[in-house]
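The values are calculated or read from the model by the stated rules, or taken from the named source; none is laboratory data. Computed from a prediction, not measured in an experiment: that's the story for all the values here. Cβ sites come from the backbone with ideal geometry, for glycine too, and all protein chains shown count toward neighbours.
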Amino acid sequence: MELLIQTLIIGGTGLVCAAILAVAARFLSVHEDPRVEAVGNLLPGINCGTCGFAGCGEYARDIVLHGAPINLCKPGGSEIAAKIGASIGVQVPTDERQVAIVLCKGDDGAVKRGVDYNGLLDCSAAQQIGGNGKPCRYGCMGLASCARSCPVGAIEIRKGLAIVHPDLCISCAKCVSVCPRKLIRMIPESRSIHVLCSSMDRGPDVRKVCSVGCIACTLCAKAVNNQGISMKNNLAVVDYSVPLSDEGVIAKCPQHTLEKRVGGKGVCA
Amino acid sequence: MITLGALFNPRGGIHPAYHKDSTESLPVEAMPVPKSLYVALNQHLGAPSKPVVKKGDVVVRGQPLAEPAGYVSSWVHAPTSGVIRSVESRLTASGQLGPVVEIEADGRDEGLPCTSAPAEWRNLPARELVEMVLAGGVIGMGGAGFPTQVKLLPPQGKVIHTLIINGAECEPYLTADYRIMIEQSEKIRQGVEILHRILNATKVFIAVEDNKPAAISALEKAFRDFAGELAIVVVKTKYPQGAEKQLIYSCTRREVPSGGLPMDVGALVENVGTATAIVDAVVAHRPLVERIVTVTGDAIGQPKNVLARTGTSFRDLIAFCGGIRGNPGKVICGGPMMGVAQSSIDVGMNKTTSGLLLLSRAQIQQYSSMPCIGCGRCVQACPSGLLPCFLSENIEAENYGEAEALNVLDCIECGACAFECPAHRPLVQHMRMGKAKVLQRRRQREAKAGQKEKAS
Amino acid sequence: MTDSSAGWIVSPSPHTHSGDSVSRIMITVIVALVPSLVAGVIVFGWDTIRLTTICVATCVVAEYIVRTMMRRDIGITDWSAVVTGILLALNLPPTLPGWMAIVGSLSAIVVAKQLYGGIGYNLFNPALVGRCVLLISFPVAMTTWAVPAFVPNASAVDATTMATPLGAWKTAWASGNAPASFFETYPIRSLILGNRPGCVGETSVVALLLGGLILLWRRCISWHTPVLFIGTVAVFAGVLHQADPARNLPAAYHVFSGGIFLGAFFMATDMVTTPVTRSGMLIFGAGCGLITMIIRKWGGYPEGVSFSILIMNALTPLINRFTRPRTFGHKGREMEK
């Protein structure tokens, strides 16, 4: 008898709860446009936030309900934009894929370290006290803040220098904002000729601290008639909006600051 | 005039080894003008000054090198006569790159022709006195370098009724302010009189730590027959007693509200060195181009209190003080608690450089940090009443929202927490990073709110 | 622009340090535990050394292995595993079989400490977790008490075992009678000197107090927790005793018997698992005292120090949250956003 009462009480409680849940599910349910789910399923689902929305679900809702542009998903790229376009019947604007590049070539072999650093292994923290002892004040400190910010692990620290693997890059540009020395730029993936230096020091000063830094000799800019490479604050700067195909210019650089790197899928840096 | 014991004791604080004995009894020694000087244009808080000279110009001592580039900014003057070698971005004593004017001294050290006799400042209106302070390029010489004229002109509705002269000098090793109080107590009195005239403050406090009895008696002598309501406050020796907000509390028991300025509680704090610089600027029309700096530490040949021109490189200062001794490890601009470790000694000193500290490798402990063990010593040491241990953990985890809720922005970066931490956590570095990130988030939030407002 | 000849070191301020470190604190704790270990050897003999050796060795080896397996840096140089080992040994009855001590040590280091992330991250005091695991798993072995070296009233004792004062009191009253010749068997002097049955390290109040004073002198602990812990127990016990002197032990018996001193000076002051604020420490100490007395009076166990500290460990994050100091320049205490 006692057993029966106990079973009834516990079972009854369960039934009542189940009933409440069932009723709640019916009356409190949120109706969602099925297209939102469809678009959401197309998105990568990594919630990187690059599109400017709180996550993939949020972005999907905005595409369907508020007509947000469909090509904002950087990780998905044009491929996914095309799929979304097909799914909800919108034309896709075409843009070239952007990849990140670190404009510094000064790894531990090229930059002599004269000063020890004893502090947090974080770039912005080190920058607040003037850097981590690498003598170049403009170059990569190699403390990997960008690598930690990368959602897909596309940045490698090799001999104290950050290097982006363009084939893995998803164009989210998170690393760009993390770098306290503003060394990382987003460029169209087809551009292959880079000046891998950001130092605005004069040539002799650069030479003192780095064997691969731009010494502002202007040879490269002259070689291309300032078309695509120009001098700015003691530094040769590539204008990535102009296609630059003459690879002969690379050999002109006495410091080997210029380098050819191809950014397509499947090519390693 | 009266001398008071410590009125109120601010919370927290630590008692590091003070090491002041190697220089406190040494009179100030004037250093000859070196060959090259590196004058930074961002010595003060606020906008870096705009250069008014260019490469190749010939300047004389006291001639402006750069003009204020905004309301919170300052004049920068040539510390000696010579030729401008360059105006470019160089390493400064803050550890960062900044605009620097390099002067090659001609050795004659000519000054501007004397324009007027010592000013009869007692007859001048306050406004004009402030103009003279501005023209003299006077900034807070205690360390922060806040342009003095800005502090002297409170906005409408703010009244400054309490003037506090800061002679606490709570940083270990440093004795520059101590020597000023002993050797130039009369000048400090004149500075106080000028400030008194400008502000019309009803109360004046001169705060000195109780480990400096000689300075206290020198000040007592100088202020014996001072007319206004003035008290020499002997505060308890502890670090950071000389921090602005803590000193105001020690004297008035008022707390500067979070994010506010001393003028919000009607107070103004000036360092003793600044008081003497004001006298030079107002009475002698002499701009601020030199200061007393304590060169000390166990890796310096001959510790000294040096009167040196701004822009004197650390290399020259060290050479003047007997060179490097033993196996040096760190060169620090300022004191050991809040000073900046330098990566090079070819950097010019600033108007705010109160000390140059050379520590031997044996003196510096290089630590690797451990997880927090929750001992709570940082909590007891924090003068701001923060929980440094939890702040550091949250900032490490990039949990900046929680860091903001734990009032990371009220951290004064005094380093008392890191001094005490047995796990050797880089607490100050965490705080600095946290503050920067919290401010950045705040700006982003405001920008977003602004956009939304525009859209609607 | 840089001076590469002199290898300067750059680091964030401050550039000076108090000189204290975690390992120094741990070594101080070990030194402070020495008097209790000595007292344990005097009262219980070889068993003290046996248990301490087993626990310390197991703790250190377990910590080393787990850290290696988790690919973390080997943290045994901070001496914390040694402290845990000694504390656990001091919390065990002298006759406990060695393999049980090993089980307790493994629970302390592997489960309570390293699985939570190692030093600094554990929520509960590892040594106490080890003790409580043993107490629940092996209740008989954990409540069988050896006869101390110098028994004052040998007639009250059978050959090899004897009840603790609190245990004797509780067992007798469970059957409704006052214990026979209780105050002759356990004179207050023996309780203070440590000449009574109990855990290896909990019996000698004098030795524990000496260790506590060492910790206070070296600033490893503050007075707040121990004073409030012991004070609360004393007041609570005093009130009970006043209300019904026959059924409740005098306050001195509650304070000096059982593990109050070991708990108050060495366990409730464990830095990792207790509050960081002074007021939090006061609350923590008072809470420990209160729960201890509730367990002793109304609970099933004669002793409640371990459980009370573990319960308060669980409340530590909450206490920290509610005892946040007022930030300089802020009006009130802002508890939450």
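Could you check, for segment B:159-170, whether at least one of its residues is charged (D, E, K, R) and either on the phi < 0 side of the Ramachandran plot or without any contact (Cβ under 8 Å) to a residue 60 or more places away in the chain (or both)? Write out each step before concluding.
Of segment B:159-170, the ones charged (D, E, K, R) are B:169.
Still in the list and also either on the phi < 0 side of the Ramachandran plot or without any contact (Cβ under 8 Å) to a residue 60 or more places away in the chain (or both): none.
Checked against the condition, which is being charged (D, E, K, R) and either on the phi < 0 side of the Ramachandran plot or without any contact (Cβ under 8 Å) to a residue 60 or more places away in the chain (or both), segment B:159-170 yields no hits at all.
Tell me the residue from B:Ala66, B:Ala17 that is within 21 Å of B:Gly140 (Cβ to Cβ) and touching a Pro at 6+ places or on another chain (Cβ under 8 Å), please. Walk me through it before giving the result.
Details: B:Ala17 fails: within 21 Å of B:Gly140 (Cβ to Cβ).
Result: B:Ala66 is the single residue among B:Ala66, B:Ala17 that is within 21 Å of B:Gly140 (Cβ to Cβ) and touching a Pro at 6+ places or on another chain (Cβ under 8 Å).
If we keep just the residues of segment A:149-170 that are under 26 Å from B:Gln366 (Cα atoms) and assigned to a loop (DSSP other than H, G, I, E, B), which is farthest from the other protein chains (Cβ to nearest Cβ)?
Looking at residues that are under 26 Å from B:Gln366 (Cα atoms) and assigned to a loop (DSSP other than H, G, I, E, B), I get A:Lys159.
One line per residue, one yes/no per condition, for (1) modelled with pLDDT of 90 or more; (2) in contact with a Leu (Cβ under 9 Å, 6 or more places away or on another chain):
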{"position": "A:Cys172", "(1), (2)": "no, no"}
{"position": "A:Met186", "(1), (2)": "yes, no"}
{"position": "A:Cys214", "(1), (2)": "yes, yes"}
{"position": "A:Asn225", "(1), (2)": "no, no"}
{"position": "A:Leu235", "(1), (2)": "yes, no"}
{"position": "A:Asp246", "(1), (2)": "no, no"}
{"position": "A:Ile250", "(1), (2)": "no, yes"}
{"position": "A:Val262", "(1), (2)": "no, no"}
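Could you tell me how many of the residues in segment C:287-305 are crowded, with 20+ Cβ neighbours inside 10 Å and either more than 20 Å from C:Ala243 (Cβ to Cβ) or among the polar types (S, T, N, Q) (or both)?
5
Look through segment B:75-105, keep the residues that are touching a residue at least 40 places away in the same chain (Cβ under 8 Å), over 24 Å from A:Cys123 (Cβ atoms) and surrounded by fewer than 19 Cβ atoms within 10 Å (Cβ to Cβ), and return whichever of them is nearest to the other protein chains (Cβ to nearest Cβ).
Across segment B:75-105, the extreme among qualifying residues is B:Arg85.
Kindly establish whether C:Ser175 is closer than 22 Å to C:Thr48 by Cα and free of Cβ contacts under 8 Å to residues at least 60 places away in the same chain. Before the answer, list the steps.
Details: closer than 22 Å to C:Thr48 by Cα: no; free of Cβ contacts under 8 Å to residues at least 60 places away in the same chain: yes.
Criteria not met by C:Ser175.
Which one of A:Cys146, A:Cys136, A:Cys140, A:Cys104 is modelled with pLDDT of 85 or more, touching a Cys at 6+ places or on another chain (Cβ under 8 Å) and within 14 Å of chain B (Cβ to nearest Cβ)? Show your work before the answer.
Values: A:Cys146 fails: within 14 Å of chain B (Cβ to nearest Cβ); A:Cys140 fails: within 14 Å of chain B (Cβ to nearest Cβ); A:Cys104 fails: within 14 Å of chain B (Cβ to nearest Cβ).
Only one candidate qualifies: A:Cys136.
In the list A:Ile9, A:Ile63, A:Ile46, which residue meets the criterion of being surrounded by 13 or more Cβ atoms within 10 Å (Cβ to Cβ) and farther than 23 Å from A:Val90 by Cα?
Values: A:Ile9 fails: surrounded by 13 or more Cβ atoms within 10 Å (Cβ to Cβ); A:Ile63 fails: farther than 23 Å from A:Val90 by Cα.
Criteria check complete, one pass: A:Ile46.
Residues that are within 14 Å of another protein chain (Cβ to nearest Cβ) and in contact with a Ser or Thr (Cβ under 7 Å, 6 or more places away or on another chain): does segment C:51-71 have at least one?
Scanning segment C:51-71 turns up no residue that is within 14 Å of another protein chain (Cβ to nearest Cβ) and in contact with a Ser or Thr (Cβ under 7 Å, 6 or more places away or on another chain).
Somewhere in segment A:46-55, is a residue over 15 Å from A:Cys172 (Cα atoms), of a type in the set (Val, Ile, Thr) and within 27 Å of the chain's Cα centre (by Cα)? Please lay out each step first, then the result.
Here is the first cut: in segment A:46-55, the residues over 15 Å from A:Cys172 (Cα atoms) are none.
Scanning segment A:46-55 turns up no residue that is over 15 Å from A:Cys172 (Cα atoms), of a type in the set (Val, Ile, Thr) and within 27 Å of the chain's Cα centre (by Cα).
Checking A:Glu189 against (1) crowded, with 19+ Cβ neighbours inside 10 Å; (2) within 17 Å of the chain's Cα centre (by Cα); (3) among the charged types (D, E, K, R); (4) within 11 Å of chain B (Cβ to nearest Cβ), which single condition isn't satisfied?
That leaves (4) as the condition not met.
Kindly check whether there is at least one residue in segment C:242-265 that is of a type in the set (Lys, Arg) and more than 16 Å from C:Pro226 (Cβ to Cβ). Before you say what the answer is, go through the steps one by one.
At the first step, the residues of segment C:242-265 found to be of a type in the set (Lys, Arg) are C:247.
Next, from what is left, pick out any that are more than 16 Å from C:Pro226 (Cβ to Cβ): C:247.
Scanning segment C:242-265, I find at least one residue that is of a type in the set (Lys, Arg) and more than 16 Å from C:Pro226 (Cβ to Cβ), so the answer is yes.
Show the residue pairs meeting these rules: Cβ distance below 6 Å; 6+ apart or different chains; first residue within segment A:54-82 and touching a residue at least 40 places away in the same chain (Cβ under 8 Å); second residue β-branched (Val, Ile, Thr).
Here the result reads A:Lys74/A:Thr50; A:Lys74/A:Ile170; A:Pro75/A:Ile170, each pair linking segment A:54-82 to a residue that is β-branched (Val, Ile, Thr).
Hey, among the residues in segment B:207-251 that are of a type in the set (Lys, Arg) and outside any helix (DSSP H, G or I), which one's nearest to C:Pro14 (Cα to Cα)?
Of the residues in segment B:207-251, the ones of a type in the set (Lys, Arg) are B:212, B:221, B:224, B:236, B:238, B:245.
Imposing the further condition that a residue be outside any helix (DSSP H, G or I) reduces the set to B:212, B:224, B:236, B:238.
Numbers: B:Lys212: 23, B:Arg224: 39, B:Lys236: 21, B:Lys238: 15 Å.
So the residue we want is B:Lys238.
Limited to segment C:222-239, what total is found for residues that are in contact with a Leu (Cβ under 8 Å, 6 or more places away or on another chain) and either of a type outside the set (Val, Ile, Thr) or not assigned by TED's automatic domain parsing to the domain that holds C:Ile309 (or both)?
Keep residues of segment C:222-239 that are in contact with a Leu (Cβ under 8 Å, 6 or more places away or on another chain), which gives C:222-225, C:228, C:232, C:236-237.
Going one step further and asking which of them are either of a type outside the set (Val, Ile, Thr) or not assigned by TED's automatic domain parsing to the domain that holds C:Ile309 (or both), we end up with C:222-224, C:228, C:236-237.
The total comes to 6.
Condition first: facing chain C (nearest Cβ under 8 Å), closer than 30 Å to C:Ile74 by Cβ and in a loop (DSSP other than H, G, I, E, B). Now tell me which residues in segment B:362-386 satisfy that.
Residues satisfying the conditions are B:Ile364, B:Gln365, B:Gln366, B:Tyr367, B:Met370, B:Pro371, B:Cys372, B:Ile373, B:Gly374, B:Cys375, B:Gly376.
If we keep just the residues of segment C:8-30 that are more than 7 Å from chain B (Cβ to nearest Cβ) and touching a Leu at 6+ places or on another chain (Cβ under 9 Å), which is surrounded by the most Cβ atoms within 10 Å (Cβ to Cβ)?
In this case the residue turns out to be C:Val29.
All but one of (1) part of a loop (DSSP other than H, G, I, E, B); (2) crowded, with 16+ Cβ neighbours inside 10 Å; (3) within 23 Å of the chain's Cα centre (by Cα); (4) modelled with pLDDT of 85 or more hold for A:Leu121; which doesn't?
(2)
Scan segment B:270-283 and give yes if some residue there is away from chain C (no Cβ under 13 Å), over 30 Å from B:Asn123 (Cβ atoms) and among the aliphatic types (A, V, I, L, M), otherwise no. So that I can check it myself, show each step before the final result.
To start, the set of residues in segment B:270-283 that are away from chain C (no Cβ under 13 Å) comprises B:270-283.
Next, only the ones that are over 30 Å from B:Asn123 (Cβ atoms) stay: none.
Scanning segment B:270-283, I find no residue that is away from chain C (no Cβ under 13 Å), over 30 Å from B:Asn123 (Cβ atoms) and among the aliphatic types (A, V, I, L, M), so the answer is no.
Under the condition of being aliphatic (A, V, I, L, M) and outside any helix (DSSP H, G or I), which residue from segment B:387-419 is farthest from the chain's Cα centre (by Cα)? Steps first, answer last, please.
Residues of segment B:387-419 that are aliphatic (A, V, I, L, M), as a first pass: B:387, B:391, B:395, B:397, B:403, B:405-406, B:408-409, B:412, B:416, B:418.
Narrowing the set further to residues that are outside any helix (DSSP H, G or I) leaves B:387, B:397, B:406, B:412.
Numbers: B:Leu387: 26, B:Ala397: 33, B:Leu406: 27, B:Ile412: 13 Å.
Taking the candidates together, the pick is B:Ala397.
Pick from segment A:107-133 the residues that are at the interface with chain B (Cβ under 8 Å from one of its Cβ atoms) and in contact with a strand residue (DSSP E or B) (Cβ under 8 Å, 6 or more places away or on another chain): which of them is nearest to B:Arg90 (Cα to Cα)?
A:Gly130
Inside segment B:400-456, can you point out the residues that are among the polar types (S, T, N, Q) and within 13 Å of chain C (Cβ to nearest Cβ)?
Filtering segment B:400-456 down to residues among the polar types (S, T, N, Q) leaves B:407, B:429, B:440, B:444, B:451, B:456.
Within segment B:400-456, B:Asn407, B:Gln429 qualify.
Just give me the residues in segment B:227-274 being among the charged types (D, E, K, R), crowded, with 20+ Cβ neighbours inside 10 Å, out of contact with any Pro (no Cβ under 8 Å at 6 or more places or on another chain) and in contact (Cβ under 8 Å) with a residue 12 or more places away in the chain, in sequence order. Before you say what the answer is, go through the steps one by one.
Within segment B:227-274, the subset among the charged types (D, E, K, R) is B:229, B:236, B:238, B:244-245, B:253-255, B:264, B:270.
Checking the rest, the ones that are also crowded, with 20+ Cβ neighbours inside 10 Å come to B:238, B:244-245, B:255, B:270.
Cutting the leftovers down to out of contact with any Pro (no Cβ under 8 Å at 6 or more places or on another chain) gives us B:238, B:255, B:270.
Across segment B:227-274, the qualifying residues are B:Lys238, B:Glu270.
Residues that are buried (at least 16 other Cβ atoms within 10 Å of the Cβ), over 26 Å from B:Lys151 (Cβ atoms) and modelled with pLDDT under 95: does segment B:44-51 have at least one? Steps first, answer last, please.
Keep residues of segment B:44-51 that are buried (at least 16 other Cβ atoms within 10 Å of the Cβ), which gives B:44-49, B:51.
If we keep only those that are over 26 Å from B:Lys151 (Cβ atoms) too, we end up with none.
Among the residues of segment B:44-51, not one is buried (at least 16 other Cβ atoms within 10 Å of the Cβ), over 26 Å from B:Lys151 (Cβ atoms) and modelled with pLDDT under 95, which makes the answer no.
In segment B:332-361, which residues are in a strand (DSSP E or B) and either over 20 Å from B:Pro34 (Cα atoms) or more than 9 Å from every other protein chain (Cβ to nearest Cβ) (or both)?
Residues satisfying the conditions are B:Ile332, B:Cys333, B:Val340, B:Ala341, B:Gly348, B:Gly355, B:Leu356, B:Leu358, B:Leu359, B:Ser360.
Name the residues in segment C:256-314 that are of a type in the set (Ser, Thr, Tyr), within 14 Å of chain B (Cβ to nearest Cβ) and assigned to a helix (DSSP H, G or I), would you?
Of the residues in segment C:256-314, the ones of a type in the set (Ser, Thr, Tyr) are C:257, C:269, C:273-274, C:277, C:279, C:292, C:301, C:306, C:308.
In the following step, the residues that additionally are within 14 Å of chain B (Cβ to nearest Cβ) were identified as C:269, C:273-274, C:277, C:279.
Scanning segment C:256-314 gives a single hit, C:Ser279.
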